[in-house]
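J.: Mind having a look at this structure? Questions to follow.
The values are calculated or read from the model by the stated rules, or taken from the named source; none is laboratory data. Keep in mind it's a predicted model, so treat the numbers as computed, not measured. Cβ: placed from backbone, ideal geometry, glycine included. Neighbour counts: every protein chain shown. When the accessible area is computed, the model is the full protein with side chains, heavy atoms only, and any ligands, DNA or RNA have been set aside. Shrake-Rupley method; radii C 1.70, N 1.55, O 1.52, S 1.80 Å.
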Amino acid sequence: QETFTWRVQSHWPGASSSYTDSLVRLQRVLDERTDGRLKLKLYEAGALFKAQDTFNAVSRGILEMGTISPSYAQDKISLAGIASGLPFAFRNVWEAEYFHQGMGFEQMLRDEAAEHDVYWATDKVYPTEMVVKKPIKNWEDFTSLKIRSSGVLQKFLTEAGAAASYIPGSELYSALDSGIVDGAHWGAAQGAASMALYEVAKYHVQPALNIAGTDVIIVSMKALNKLPEDMQEIVKDALDEQFWVRTNEYLYKERITLAKVIAEQGVQVNVLPDEVQDKLVKAAQAMWDEEGERSENAKKALDMLKGYLAELGYL
Amino acid sequence: MSIEILTLLFFGSLLFFLLLGLPLAFVLGGVSVIFLYFTWGFDSFYMVASQIWGTMGSFTLVAIPLFVFMAMVLERTGVAKDLYRMMHLWFGGLRGGLAIGTLVICAVFAAMVGISGAAVVAMGTIALPSMLERGYDRKMALGVINTGGGWGILIPPSILMILYALITGVSVGQMFAAGIMPGVLLMVLTVTYILVRSTLQPHLAPALPPEERGTWPEKLRALRAVLLPIGVVFMVLGSIIGGITTPTEAAAMGVLGSLISAAVYRQLKWSILQEAAIRTFKLTGMIMWILFAAHAFSAAYQSMGAQDLIEGMMQHIPGGPWGIIIAMMVIIFFLAMVLDPVGIMLITLPVFMPIVKSLGFDPVWFGILFVINMEIGYKTPPFGFNLFYLKGVVPPDITMKDIYTSVVPFVIIEIVAIGIIMVFPEIATWLPGVFF
Amino acid sequence: MSVLTAFIRGVTRLNDFVGRWIALLVFAMFAFLLLEVGFRYLLNAPTVWTNELTQMLFGVYAVMSGGYIMAHRGHVNVDLLHSQLSPRNQAFMDIVTSLIFFIFTLALLWFGIDIASESISNWETSYSAWNPPVWPVKLAIPVGTGLLVLQGLAKLLEDIAIAFNLDYYRPDHSASEGEQS
Ligand code: NA
Ligand code: NA
């Protein structure tokens, strides 16, 4: 019996909970279900490739598997912007789950990725939430904030009226500590805790800036097609299952992390006042249409999203 | 082929081509490409290009050209020279006074930068000529700069500590706090060494003859020379601590400070700035091409299965918890001879940290040992990056052999420091306990 | 003057010219970082573009330096053994080790062209809030590596001339042109 070893480049550092919970889990599941015929060799973020190059490496078949954030594949996948999360679209994680799996957004992503010889499987959907040094009590408070942000959210926060700037992760702690910025987002509670941000910023802001499939597992089609058919099915089924298992587990861990930092580090949840939320939603909706202009496919996905949100009574 | 044999071949060929005189950057890059070809195939060269692209995008490295430029301006405009003249007038009577003064400047520099490299190049430019001019032994002067220049990663801010915290999940603030007393310990040990050595062998770090020590009015006038450097330090440190800039942006404040100093000296001329810019370009480029290749090298080694090697080794360590910790230090010491700190972290920490924690050791304390070990690695032959950075600035008559041999006592001092911190962990753990 | 002499001089001059301009980017990096501090601290309005632009300039600055530094013998090596040899034997040795040099730089050139052409083919942008084109920076990888390869070729030709006593290159003549800084 032939055994296969796949090199897997993660976009998570080894200490990140997702590295263990997502990748090591997948490694174990695939090993068990293929009776040891498929081994994953895991590499931490940046060990082999720059995180932003992982999609290309998998697409060329140099790597068999990898994990990315959709934003790393923006130039190839026109839906990546929507997959990374439009600000203030979903209000609950289950809504994003249903959008991906029930309404076919995941399949649309998979079809686009297939054109680059990549099999796309969202690892999980989860919220992105901010931490700030001073609570936001009104619109004034929000617009006077200096926030560390990145990508589409940086643009959103800037257009909404805050001063968002990009600071690399390695300098984020110092920047928050010394007050160069007053707030930042790095995932939600688990991400912020892993970066030690609660040491220097005690307010956890809710609701989420967005809820989206921000972690993705990608597989080289070349590598996948080399497997015997039964193993191909095992891989695909394991990835489908991974989405549900991980999304649920992640939410659970979010809650216990938040409870822990509230109890141990004196963190407080800062729920944005309605006035602020309304203004942010308006600013967000003005931005959505830009994402729809990226391609025919993006427009289709955006229309689908708007119809869905209308159905939910949010628009 | 097993990873043990691959490792021997990989590092063996590195050593071989380095001894043949090919520049370090090309040896690291070339050996990586050859081994990648045989272990992974032609397509894997994409990894080399990707690592270079990744290094180009590392924002914290932007501080290198700026701090080097700052040093070049301070040197060319005479600010640095006057500073050393002042130190000589005041401490010239003390044997080793200039070396100690240099170490103090290094410590201040270390508080301004979060990386190694910039400080070594800067101090090699500013301090080395001043010490050599005044009859200091070449090896003493080189060793002092090599060791002091490496303190940037132990005294906060430190990018290396942030990365360690990120990979192991300990608190960044605790790491920063934990680094302060070991930093002081290293300073005390190094200064003591210089005092003892220059008392025993006065020719190594001669005192100024009494007739040249200057009168009090002269001394007081010379004190003006400190004002500008202190101003520059104030601008950089003040803007970091005051929350005005990130450590990287603070480098720009340093440049601004050096330009103001140049203006005060009436030396703010295009010819001087242009020359400083070109020297900065050469030195930064040299550092960057070494880093490009070093990152590719680490990635190649990891792709060959470096972590399996470490895991395998850890299963054969006798000697109880302390034996394991010491074995880890030895492994890191040897890896640090040839790999960059980030690569070492990625290879060793995922294996080491669970063991360290399960043995009941404090991961913050271990982090300090780790960082000091990295500092040692920066200056251990044959592949200490500080050694190469220093070689890039010294006059041509100083050979690699001079630089290699200069570090020996300073490496021993740092190993002693690691030993002391192992015996008295409180040196590292006390301050974080107070703050957090 | 033979073609080879012209090539050696031409490449060195080209690298010198490029290097002297690229070196000035340090002023731009300084200015942009300072500008960002000013905007954020004094006006409470950080920009979306200064840090990213500085970063991009730095990437170009770093990768374009290879050839210039080689022209000025600035890439450090270990001279333990090397410095003991006669100039002719040094040249022989450098001819042998140039193989490693070319393996590295040509692999980098090949994949650098690959990365850059892919980026240019879809006019890749960074997708940050500012969203500038990144292809010019990626293009700097093959360009900078190409300049390094050219200078490496020039050095190889020089070494061959010294090793075999050929007259297209005489180190004494060009010594005055070599070090300028
Ligand atoms: Na430091
Ligand atoms: Na070393």
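J.: May I ask you to list pairs of residues, at least six apart or on different chains, whose Cβ atoms are under 9 Å apart, with the first in segment B:370-383 being under 16 Å from residue C:76 (Cα atoms) and the second being assigned to a loop (DSSP other than H, G, I, E, B) and within 13 Å of ligand 1 (Cβ to nearest atom)?
T.: B:378/B:116; B:378/B:117
J.: Another question, then. In this structure, does residue B:31 turn out to be within 16 Å of ligand 1 (Cβ to nearest atom), more than 14 Å from chain A (Cβ to nearest Cβ), of a type outside the set (D, E, K, R) and in contact (Cβ under 8 Å) with a residue 24 or more places away in the chain?
T.: Values: within 16 Å of ligand 1 (Cβ to nearest atom): no; more than 14 Å from chain A (Cβ to nearest Cβ): yes; of a type outside the set (D, E, K, R): yes; in contact (Cβ under 8 Å) with a residue 24 or more places away in the chain: yes.
Taking the combined requirement at face value, the residue does not satisfy it.
J.: Could you tell me which numbered condition residue B:315 fails, if it satisfies all but one of (1) within 27 Å of the chain's Cα centre (by Cα); (2) open to solvent by 10 Å² or more (accessible area, probe 1.4 Å)?
T.: (1)
J.: Inspect all residues belonging to segment B:326-343 and state whether any of them is within 13 Å of ligand 2 (Cβ to nearest atom), within 22 Å of residue B:290 (Cβ to Cβ) and touching a residue at least 60 places away in the same chain (Cβ under 8 Å). Explain how you work it out, then say what you get.
T.: Filtering segment B:326-343 for residues within 13 Å of ligand 2 (Cβ to nearest atom) gives B:332-341, B:343.
If we keep only those that are within 22 Å of residue B:290 (Cβ to Cβ) as well, we get B:332-341, B:343.
Applying the additional criterion that residues be touching a residue at least 60 places away in the same chain (Cβ under 8 Å) yields B:338, B:341.
Within segment B:326-343, one or more residues are within 13 Å of ligand 2 (Cβ to nearest atom), within 22 Å of residue B:290 (Cβ to Cβ) and touching a residue at least 60 places away in the same chain (Cβ under 8 Å).
Listed here are the residues, each with its yes/no results for (1) at pLDDT 85 or above; (2) away from ligand 1 (no atom under 16 Å from the Cβ).
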| position | (1), (2) |
| --- | --- |
| B:94 | yes, yes |
| B:151 | yes, no |
| B:162 | no, no |
| B:179 | yes, no |
| B:186 | yes, no |
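J.: In segment B:398-407, is there at least one residue being within 14 Å of ligand 2 (Cβ to nearest atom), modelled with pLDDT of 90 or more and assigned to a loop (DSSP other than H, G, I, E, B)?
T.: Yes, that holds for at least one residue.
J.: Regarding segment C:72-90, can at least one residue be identified that is facing chain B (nearest Cβ under 8 Å) and small (Gly, Ala, Ser)? Even if it seems obvious, please write down each step before you answer.
T.: Taking segment C:72-90 first, the residues facing chain B (nearest Cβ under 8 Å) are C:72, C:74-83, C:90.
From what's left, small (Gly, Ala, Ser): C:74, C:83.
There is at least one residue in segment C:72-90 that is facing chain B (nearest Cβ under 8 Å) and small (Gly, Ala, Ser).
J.: Another question, then. Consider residue B:155 carefully, then state whether it is under 14 Å from the mean Cα position of the chain (by Cα) and more than 30 Å from residue A:45 (Cβ to Cβ).
T.: Values: under 14 Å from the mean Cα position of the chain (by Cα): yes; more than 30 Å from residue A:45 (Cβ to Cβ): no.
Answer is no for this residue.
J.: Suppose we filter segment A:42-55 for residues that are at the interface with chain B (Cβ under 7 Å from one of its Cβ atoms), open to solvent by less than 10 Å² (accessible area, probe 1.4 Å) and under 19 Å from the mean Cα position of the chain (by Cα); how many remain?
T.: Our first condition is that a residue be at the interface with chain B (Cβ under 7 Å from one of its Cβ atoms); within segment A:42-55, this holds for A:43-44, A:46-50, A:53.
Filter again for open to solvent by less than 10 Å² (accessible area, probe 1.4 Å), leaving A:47-49, A:53.
When the remaining residues are screened for being under 19 Å from the mean Cα position of the chain (by Cα), the result is A:53.
Residues meeting the conditions: 1.
J.: Also: On the basis of being among the aromatic types (Phe, Trp, Tyr), within 11 Å of chain B (Cβ to nearest Cβ) and surrounded by fewer than 22 Cβ atoms within 10 Å (Cβ to Cβ), does residue A:166 make the cut? Give the steps one after another, and end with the answer.
T.: On the way: among the aromatic types (Phe, Trp, Tyr): yes; within 11 Å of chain B (Cβ to nearest Cβ): yes; surrounded by fewer than 22 Cβ atoms within 10 Å (Cβ to Cβ): yes.
In short, yes.
J.: I would also like to ask the following. Could you please find all residues in segment B:255-270 being without any contact (Cβ under 8 Å) to a residue 40 or more places away in the chain and within 12 Å of chain C (Cβ to nearest Cβ)?
T.: Answer for segment B:255-270, where residues must be without any contact (Cβ under 8 Å) to a residue 40 or more places away in the chain and within 12 Å of chain C (Cβ to nearest Cβ): B:256, B:270.
J.: Continuing with the same structure: For residue A:180, work out the one condition from (1) outside any helix (DSSP H, G or I); (2) more than 19 Å from residue A:275 (Cβ to Cβ); (3) out of contact with any helix residue (DSSP H, G or I) (no Cβ under 6 Å at 6 or more places or on another chain); (4) more than 8 Å from every other protein chain (Cβ to nearest Cβ) it doesn't fulfil.
T.: (4)
J.: Right, something else. Name every residue in segment B:224-271 that is at pLDDT 85 or above, over 16 Å from residue B:71 (Cα atoms) and touching a Gly at 6+ places or on another chain (Cβ under 8 Å), in order of residue number.
T.: Correct list: B:244 only.
J.: Enumerate the helices (runs of 4 or more DSSP H) found wholly within segment C:25-117, keeping only those where 3 or more residues are surrounded by fewer than 22 Cβ atoms within 10 Å (Cβ to Cβ). Lay out the reasoning, then the answer.
T.: Working: elements: C:25-37, C:50-63, C:65-71.
Per the criteria, C:25-37, C:50-63.
J.: Select the helices (runs of 4 or more DSSP H) contained entirely in segment A:196-315, then report the ones holding at least 3 residues which are basic (Lys, Arg). Before the answer, list the steps.
T.: Working: elements: A:221-226, A:229-265, A:274-292, A:296-311.
Output list reads A:229-265, A:296-311.
J.: Could you give every pair whose Cβ atoms fall below 8 Å, whose first residue belongs to segment C:98-112 and is more than 7 Å from chain B (Cβ to nearest Cβ) and of a type in the set (Gly, Ala, Ser), and whose second residue is in a helix (DSSP H, G or I) and surrounded by 20 or more Cβ atoms within 10 Å (Cβ to Cβ), counting only separations of at least 6 or pairs across chains?
T.: Taking only residues 6 or more apart or on different chains, the pairs are C:98/C:152; C:98/C:155; C:98/C:159.
J.: Please return the ranges of helices (runs of 4 or more DSSP H) entirely within segment B:83-191 where 3 or more residues are more than 16 Å from ligand 2 (Cβ to nearest atom), open to solvent by 30 Å² or more (accessible area, probe 1.4 Å) and away from every other protein chain (no Cβ under 13 Å). Can you show your working first?
T.: Working: elements: B:97-112, B:118-133, B:138-149, B:159-168.
In segment B:83-191, B:97-112, B:118-133 are the helices (runs of 4 or more DSSP H) which contain 3 or more residues that are more than 16 Å from ligand 2 (Cβ to nearest atom), open to solvent by 30 Å² or more (accessible area, probe 1.4 Å) and away from every other protein chain (no Cβ under 13 Å).
J.: Could you say whether any residue in segment C:3-17 is closer than 30 Å to residue B:256 by Cβ and not basic (Lys, Arg)? Write out each step before concluding.
T.: Quick first cut of segment C:3-17, residues closer than 30 Å to residue B:256 by Cβ only: C:16-17.
Now restrict to residues that are not basic (Lys, Arg): C:16-17.
Yes: one or more hits.
J.: Moving on. If only one of B:376, B:368 is within 16 Å of ligand 2 (Cβ to nearest atom) and buried (at least 21 other Cβ atoms within 10 Å of the Cβ), which one is it? Explain how you work it out, then say what you get.
T.: Numbers: B:368 fails: within 16 Å of ligand 2 (Cβ to nearest atom).
Unique residue meeting the criteria: B:376.
J.: How about segment B:386-397: which of its residues are more than 10 Å from every other protein chain (Cβ to nearest Cβ) and either aromatic (Phe, Trp, Tyr) or within 13 Å of ligand 2 (Cβ to nearest atom) (or both)?
T.: Result: B:386, single match.
J.: Report whether or not residue A:58 is within 20 Å of residue B:352 (Cβ to Cβ) and either more than 9 Å from every other protein chain (Cβ to nearest Cβ) or more than 17 Å from the chain's Cα centre (by Cα) (or both).
T.: Working: within 20 Å of residue B:352 (Cβ to Cβ): no; either more than 9 Å from every other protein chain (Cβ to nearest Cβ) or more than 17 Å from the chain's Cα centre (by Cα) (or both): yes.
When the stated conditions are applied, residue A:58 does not pass them.
J.: Can we say residue C:20 is assigned to a helix (DSSP H, G or I), open to solvent by 60 Å² or more (accessible area, probe 1.4 Å) and over 20 Å from residue B:289 (Cα atoms)? Walk me through it before giving the result.
T.: Values: assigned to a helix (DSSP H, G or I): yes; open to solvent by 60 Å² or more (accessible area, probe 1.4 Å): yes; over 20 Å from residue B:289 (Cα atoms): no.
No; evaluated as a whole, the condition is false for this residue.
J.: Here's something else I'd like to know. Of the residues that make up segment B:276-289, is at least one surrounded by fewer than 17 Cβ atoms within 10 Å (Cβ to Cβ) and assigned to a helix (DSSP H, G or I)?
T.: No - not one qualifying residue is present in segment B:276-289.
J.: Considering only residues of segment B:203-251 that are away from chain A (no Cβ under 14 Å) and closer than 30 Å to residue A:182 by Cβ, which is most open to solvent (accessible area, probe 1.4 Å)?
T.: Applying the first criterion (away from chain A (no Cβ under 14 Å)) to segment B:203-251 yields B:203-235.
Adding the requirement that they be closer than 30 Å to residue A:182 by Cβ leaves B:231-235.
Values: B:231: 29, B:232: 6, B:233: 39, B:234: 152, B:235: 47 Å².
Ranking the candidates gives B:234 first.
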